[in-house]
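The values are calculated or read from the model by the stated rules, or taken from the named source; none is laboratory data. Quick caveat, the model's predicted, so the values are computed rather than measured. So basically every Cβ, Gly included, is an ideal-geometry build from the backbone, and we count neighbours across all protein chains shown.
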Amino acid sequence: MKKLADTRLVKFYLWTGLGYFLIGFLYTLSVTRGGFFQLLFNNIWAVIYIMALNFILFEYSIPYVLAKKKAIIYNVLAGILLLWVHLMFYSYGSYAWRALGIQLRVYTDLLPPATLSYILQKQMAYSTGSVFVFGIARHIYNYLRLVQAEQRLLIEKQEAELNYLKSQTNPHFLFNTLNNIYSLARDKSDRAPESVLRLSKILRFMLYETGGDYIPIEQEIKIIEDYIALEKLRYDDTLRVHFNYELADMKQALPPLLMIPLVENAFKHGVSETRVGPFVELHLSVKKGQLEFRVKNSTGDSPGEPVQKEGIGLSNLRRQLALLFTDYQLSAEPGESCFTVVLKINLSSHV
């Protein structure tokens with residue numbers, strides 16, 4: 001990670017140096033009499049020195065001065081000393097670099113005969129301008145990196161919360177299913193072996209098919225059908241379950257186990273508490289990326305006094321939807337001796 005950060009920082013100084021080179025080159029091209037290539041190489045030679053000096057200033061000198069020390073006076077003295085050193089490098093050092101370029105014949109002296117003071121002023125002006133440009137660019141760079149880091153932390157936090165919700169939902173779902181099998185085994189029902197077999201299929205699906213971010217909707221339908229079949233083993237023929245769906249594309253992708261909590265809630269808080277005429281009606285449709293899943297079930301409430309019941313499954317589902325989508329609705333519609341939950345999702349609004 002540190003190596004990656006260092007690489008990005010080097011690229012930042014190279015790009016900023018290129019920008020400052022273009023500014024200096026275009027300016028000297030307009031005000032200085034000299035050949036195109038002479039001005040080109042002069043500015044390249046100058047910006048190499050400026051890039052190295054500003055790198056030391058912003059990455060080492062300033063952080064060193066701003067670092068917390070035991071005595072504030074130490075920071076003040078260190079700051080004054082480093083300021084003086086950098087002023088020397090930006091003036092006399094820049095002049096020496098210019099002279100070295102002239103000796104190596106990569107820099108052409110285009111100034112008329114002038115005093116050392118005049119040349120130092122020219123070099124100081126060029127260097128001081130670079131401090132402002134590199135300083136502003138470094139501030140923008142730091143701000144953008146901070147925003148990216150905050151976004152990355154937010155995404156990681158949301159992913160961790162989503163994984164936590166999934167880890168809660170799956171054991172909760174399995175716990176309820178095991179309770180159903182336990183009741184069959186306790187009654188020595190002949191349906192117990194079949195229920196174990198169906199549970200193994202559901203477990204296999206959870207272990208091997210739900211690890212990714214998406215699954216085809218046909219797999220979600222299959223797990224719903226397996227769960228319904230498992231639940232029906234507990235009841236006699238008085239239970240009515242009707243599940244139909246209208247899908248334009250059976251390969252439509254969606255997050256795994258998104259609808260199971262609604263089905264589970266219908267059986268646990270509806271059918272299991274209904275004395276007479278228990279039923280569950282499920283309708284699923286996906287058209288043009290708009291998913292609608294309607295679950296209606298009987299309840300044990302007295303007519304005219306419907307009570308909404310929401311367990312951990314539905315609570316977790318609400319939070320998962322908030323983390324996964326920006327456009328969705330999860331509404332409850334209590335009725336007389338029945339309860340309806342409607343889930344609507346714009347699948348294209350996935351975060």
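Of all the listed residues (Lys188, Lys251), the sole one being surrounded by fewer than 16 Cβ atoms within 10 Å (Cβ to Cβ), farther than 25 Å from Ile345 by Cα and not polar (S, T, N, Q) is Lys188. When Arg186 is tested against (1) modelled with pLDDT under 75; (2) more than 26 Å from the chain's Cα centre (by Cα); (3) among the charged types (D, E, K, R), exactly one condition is not met: (1). Scanning the stretch 7-18 for residues that are closer than 12 Å to Ile44 by Cα and surrounded by 14 or more Cβ atoms within 10 Å (Cβ to Cβ) yields a single hit, Gly17. Within the option set Leu317, Leu323, Leu343, being assigned to a strand (DSSP E or B), under 26 Å from Leu203 (Cβ atoms) and either modelled with pLDDT under 90 or of a type in the set (A, V, I, L, M) (or both) holds for one residue only, Leu343. Checked against (1) more than 30 Å from Asn54 (Cα to Cα); (2) at pLDDT 65 or above; (3) acidic (Asp, Glu), Glu150 passes all but a single condition, namely (1).
Checking each residue in the stretch 252-282 for being on the phi > 0 side of the Ramachandran plot and of a type in the set (A, V, I, L, M, F, W, C) picks out only Leu257. Of everything in the stretch 263-290 that is over 37 Å from the mean Cα position of the chain (by Cα) and among the small types (Gly, Ala, Ser), the residue that is nearest to Glu231 (Cα to Cα) is Ser272.
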